[in-house]
Structures are given as structure tokens and as C-alpha cells.
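Only the coordinates and a few stated rules stand behind these numbers; no lab work does. It should be emphasised that the depicted structure is a prediction, and the values quoted were computed from it without experimental measurement. Quick reminder, even Gly has a Cβ in these numbers, built from the backbone with ideal geometry, and neighbours come from all protein chains shown.
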Amino acid sequence: MNRTSNLEEIKLNQDWDIAIIGGGSSGLGIAIDAANRGFKTVLFEKNDFAKGTSSRSTKLVHGGVRYLQNGDISLVMEALRERGIMRKNAPHLVRDLSFVIPSYDWWSSPFYGLGLKVYDMMAGKLGLGPSTLLDKKETLNHIPNVNKKGLRGGVIYHDGQFDDARMAISLMLTADKEGATLVNYTDVLNFTKESDIINGLNVKDTISGDIIHVNAKVVVNATGVFSDSIIALDQPSAKPMIRPSQGVHIVLDREFIKSTHAIMVPHTSDGRVLFAVPWNKHVIVGTTDTPVENALEEPIALEKEIEFILDNAGSYMTKKPKRSDVKSVFAGLRPLAASENKEESTKEISRHHKITVSTSGLVSILGGKWTTYRKIAEDTVNTVQIVGGLSERKCNTESLPIFGFDPSSDWNQPLHCYGTEANKILALDKENGNKSLSDKLYITKNQIHWGIKEEMAYKLEDILARRTRCLFLDAYETGKIAPKVAEIMAEVLNKNQEWINGELEQFKLIIKNYQL
């Protein structure tokens with residue numbers, strides 16, 4: 001994956017079957033599917049791949065226990081099926097994780113136990129394991145740090161866990177391998193039309209300042225919470241199609257649950273569920289569901305959201321987390337497809353995806369969730385074939401391995417998320433390249449080299465937030481190692497001290513949002 005050569009290819013080959021705007025889970029999934037079907041595919045991402053919502057999830061590949069509770073059976077069945085496919089195609093990135101729901105009254109365990117048996121049944125052959133009722137002793141054996149006062153027992157069930165940004169980078173590499181051409185830091189300026197039908201777009205390379213024009217039989221808008229702004233480029237008077245909802249997570253030390261199992265809190269003060277999930281030697285706790293008016297590239301966690309998570313999590317833990325315990329806080333925006341009911345709360349809006357086609361032929365994906373990215377892509381490319389008058393070709397991604405596919409990945413090794421590429425990273429500089437730059441986080445010189453040369457990382461944030469997950473795990477420690485990482489990047493990219501200073505200044509502004 002080389003940004004310079006990809007840009008050259010785009011400039012030399014201006015005619016494409018499909019041009020995709022947006023390099024998050026949906027856009028990357030569409031690029032894989034379209035290229036695999038043999039369509040000439042190009043993808044433009046305004047910032048970095050998975051910069052937005054796609055790197056800010058709860059790190060779960062799940063059917064959605066809450067959606068079952070809401071009666072959204074079709075979404076749960078689709079998501080459970082996709083969960084199984086995702087785990088099968090990316091075993092180095094997706095794994096089984098068991099969740100314990102502690103109960104403090106006599107009816108909760110049987111109630112959730114029955115519901116989760118239905119959940120298991122719906123997963124069928126793609127299930128990850130059976131749910132089971134637990135007595136008080138068994139519950140404490142599984143999650144010793146759970147609040148013991150009034151505890152009666154619990155239920156254990158299985159869902160999937162993954163590293164969202166690393167999955168996105170692997171999808172990017174898969175799309176590249178399938179023949180798609182992808183490039184980050186390219187901003188779509190406008191569309192070109194012939195007889196009122198979109199036939200191409202003008203794009204600005206925000207690093208060099210160059211303007212690039214491409215022709216495309218179909219343009220796909222996969223920009224998530226920013227979909228309305230792309231729709232407005234096509235039809236300025238179009239009504240809003242997205243209702244953004246903010247989800248916030250806090251990250252704590254692993255000692256807060258001292259378990260390999262996750263906790264699912266079934267009753268929070270706003271009627272949602274809350275998760276405490278072990279991840280990379282830390283614990284992620286969240287999430288919230290707060291309607292927001294404006295979609296920001298760097299969403300900011302509200303004080304009330306942080307207090308909500310601390311209060312609700314604290315009521316289920318023997319060691320109650322305080323603000324001073326928070327290593328990092330991150331906020332993401334859900335691109336919920338607006339419903340007709342304006343009064344409906346965001347937590348009630350379905351997570352189903354919608355595909356719309358404008359009168360000028362712009363195909364837009366609205367809504368959806370990480371777990372169903374592959375199905376979103378399949379449905380979108382099926383639509384694109386009709387809109388663009390392309391030859392009808394079958395989707396093959398159900399059995400397509402994701403880049404790095406390695407069924408024998410050891411999840412105890414920090415490089416497991418690279419799959420088959422892990423040994424290549426270790427071999428780059430055996431003498432000095434594999435020592436972590438931090439005692440608290442795992443990040444090596446070799447990873448930085450690999451991220452730049454093989455995964456199109458260009459900015460300090462790309463390395464610290466998405467090629468590695470340092471910023472999401474411990475924002476304070478990340479601030480300390482940032483200067484060293486910038487120096488190593490400058491060596492690889494052949495940049496000077498001015499570039500280093502500029503990157504550190506930019507990163508300081510970003511890191512503030514991750515620190516309390």
C-alpha cells in the first residue's frame with residue numbers, strides 16, 4: 001500500500017466503474033466486494049482510514065442483545081450470521097468473548113437466560129457457545145470484582161470481540177489485494193454531471209494540494225455521519241438523512257474487573273445496557289447514546305456522559321472507578337438513518353442500514369453497524385450494478401479471507417492482529433526494532449516502519465490512534481511517547497524538525513479530547 005503510487009494510478013486512469021467516498025467500515029467493505037466482482041474501483045478518504053466512527057466502537061462483533069430486547073429480530077439474525085462470517089474470515093482479528101450478566105433479584109437470571117437461549121438458537125451453526133445460568137458462587141468465580149451486595153447469580157453468554165481500527169486497516173489491505181485503488185487525505189470537492197446524472201468527481205489531495213478529476217459510472221457515498229454533507233453536494237436542498245448519536249467510552253486498568261470475561265450491565269439509568277470489556281490489558285466501559293446536532297471529526301465526551309458511565313459501572317464493581325482512574329476517554333458518532341418519527345429517541349432508532357439513490361444517481365449508505373459491514377457492502381454493490389448499468393456479478397465475500405488470515409494466531413501475542421504479517425514485522429530490525437517504546441503500552445519501531453511503508457500511515461495520529469491503539473488505551477502515556485514516535489516517523493518519511501513540530505502541535509490538540 002503506497003499512497004504516492006496509488007495517486008499516480010488515479011491520475012493516469014481517470015475512468016472507473018465505481019468511486020467510493022469514505023474509508024470507514026462500509027466504504028472499505030464496498031471496495032473489497034466491488035473489486036472482487038471485477039469492477040474497477042477507487043476509494044477516497046478525507047482523513048485517514050477509520051478516523052471516524054469505525055475506530056471508536058465498543059470493540060464488539062455482536063448480534064445485539066438489546067436489539068433482541070427491542071424486538072428487532074431481523075437485525076439480530078442478520079448480525080449474528082455476519083458475526084459468524086466475520087470470525088471465520090478473520091480469526092486473527094475476531095474472537096469469542098464470554099459475557100456475564102450479574103443479577104440482583106430472583107427473576108433476572110431466568111428472564112435473561114430465556115432471552116439468551118433464543119439468541120443462541122438464532123445464531124444456529126454460527127454460534128460461539130451456549131448461554132448458561134450461574135449461581136452466586138459461579139458468578140463470583142467468573143467476575144470476582146463484581147459488587148457482592150445482594151448478588152443472587154447471573155447468566156453467561158458468548159459474543160465476538162475485535163479491534164475495530166485494525167480490522168479496518170486489514171479491510172483496506174484486502175481491498176488493495178483484490179485490485180481496488182484506495183487513498184487517504186483526499187477531500188471530495190464536487191461532482192460533475194452530464195444530463196443531470198453524476199459522471200465523476202473532483203478531489204483535492206490535502207497533502208500536496210493537487211486537484212484530481214475522475215470519471216465514474218457510479219459514485220457511492222459511504223461517509224457515515226457526514227453523509228448529509230455529501231448528499232448536499234449533489235442536491236443542496238435535500239432534507240437531512242442522518243441523526244447522529246454520540247457514544248462515549250472510558251478506559252480503565254484491567255484490575256477493575258480482574259477477569260477474562262466481560263460484564264454486561266442490563267439496567268442503566270437511561271434504559272440502555274452498559275459493557276465492561278477486557279481489551280489489550282485494559283478495560284473499556286461504555287457506552288452512552290446522546291443525540292448531537294453537529295457531526296464533528298473529533299467528537300468530545302460530555303461531562304454528563306462520563307459521570308453516567310462512572311456511576312453506572314461503579315454500582316456493579318467492588319472497586320468503584322473515579323475520574324482519576326480513567327486512562328483514556330473516546331467518543332464516536334453513530335450514523336443513524338433518520339426515521340419519520342422526529343420524537344423517537346436515538347436509542348430506539350433501528351441499527352438497520354438503508355441504501356438510497358438520488359435522481360442524479362448518487363448511491364448513499366445510511367445507518368448500519370460494524371458487525372454487518374459485509375452485508376452492507378453486498379447490498380450496496382448489488383444496487384450499484386443496477387444504477388450504473390454494470391454487468392450483474394455475484395457476491396463472493398462470504399468466504400473471502402481477510403488480509404493476514406491466520407487461524408493459529410496467538411491472542412496473547414501483541415502482534416496477533418497482523419496475522420500472517422506478524423513475523424515480517426518482527427524481522428524488519430531484529431536487533432533494535434522489537435523493543436517497546438513504552439513500559440505501559442506496546443509500540444515498537446518496527447510497527448511504526450510497517451505502518452508507514454505497508455499501511456499508508458502518514459500522520460502521527462495515524463500511528464498512535466489506528467495502526468497501534470495507544471491513544472485509545474492510555475492518552476497520558478501516549479502523550480509522553482509521541483515525540484519519540486514522531487522522530488522515528490520523520491526518519492522513514494524523510495521529514496525535518498519543522499514537520500515533527502507541526503505533527504506534535506496537531507496531536508496535542510487531538511489528545512486533549514482523550515484526557516479528562
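Key figures for this structure:
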{"read-out": "Mean Cα-pair separation over length for the stretch 103-165, i.e. relative contact order, pairs under 8 Å, 6 or more apart, %", "value": "43 percent"}
{"read-out": "Cut-off 11 Å between beta-carbons: net charge of the residues surrounding D15, Lys and Arg +1, Asp and Glu -1", "value": "+1"}
{"read-out": "Acute angle (nearest 10 degrees) that the helix 73-89 long axis makes with the longest principal axis of the chain, alpha-carbon atoms", "value": "70 degrees"}
{"read-out": "In Å, descending, principal axis extents of the Cα set of the stretch 416-514", "value": "35, 29, 22"}
{"read-out": "GluC sites (Glu not before Pro) restricted to DSSP loop in the stretch 431-498 with at most 12 other C-beta within 10 Å", "value": "E431"}
{"read-out": "18 Å cut-off, amide nitrogen to a point 7 angstrom out along E491 Cα→Cβ, residues in the stretch 430-446", "value": "430-439, 443-446"}
{"read-out": "Sequence of K445, K369, K484, K125 once ranked by neighbouring C-beta atoms within 10 Å, starting from the fewest", "value": "K125, K484, K445, K369"}
{"read-out": "Positive-pole candidate from I309, N432, T132, dipole of the chain, charges at beta carbon", "value": "T132"}
{"read-out": "Among [x] 35; [y] 43; [z] 49, the entry derived from the coordinates for percent of Cα pairs over 34 Å apart", "value": "[x]"}
{"read-out": "GluC sites (Glu not before Pro) restricted to the stretch 222-302 and DSSP loop, no more than 14 other C-beta within 10 Å", "value": "E293, E297"}
{"read-out": "Per-peptide average of other Cβ atoms within 10 Å, ordering 76-83, 138-145 highest first", "value": "76-83, 138-145"}
{"read-out": "Residues Q413 and K177, FRET efficiency given R0 of 22 Å [Cβ-Cβ distance, rounded to 0.05]", "value": "0.40"}
{"read-out": "Cα-centred dipole magnitude for the stretch 416-514, charges only on beta-carbon of K, R (+1) and D, E (-1), debye, nearest 20", "value": "180 debye"}
{"read-out": "Per-pair calculated FRET efficiency, R0 = 30 Å: L126 and N423 via Cβ, rounded to 0.05", "value": "0.50"}
{"read-out": "Extension gain, D135 back to E298 (0.36 nm per residue minus Cα-Cα distance, nm)", "value": "54.3 nm"}
{"read-out": "For K445, net neighbour charge (Lys/Arg +1, Asp/Glu -1) across residues whose Cβ lies under 14 Å away", "value": "+1"}
{"read-out": "Computed over the stretch 416-514: relative contact order in percent, which uses C-alpha pairs under 8 Å that are six or more apart", "value": "22 percent"}
{"read-out": "Order by protection proxy (mean Cβ within 10 Å, highest first), peptides 149-155, 376-382, 208-214", "value": "376-382, 149-155, 208-214"}
{"read-out": "Three principal axis lengths of the stretch 215-279 [C-alpha, angstrom, descending]", "value": "54, 30, 16"}
{"read-out": "Ascending count of other beta-carbon atoms within 10 Å, so fewest first, for W279, W106, W370", "value": "W106, W279, W370"}
{"read-out": "Crossing angle, helix 303-314 versus the chain [Cα axis fit, 0-90 degrees, rounded to tens]", "value": "40 degrees"}
{"read-out": "Helix 3-12 axis, angle to the chain major axis (alpha carbon atoms, nearest 10°)", "value": "40 degrees"}
{"read-out": "Computed helical MRE - 222 nm, the chain, DSSP H runs ≥ 4 contributing -39500 (n - 2.57), nearest 500", "value": "-10500 deg cm²/dmol"}
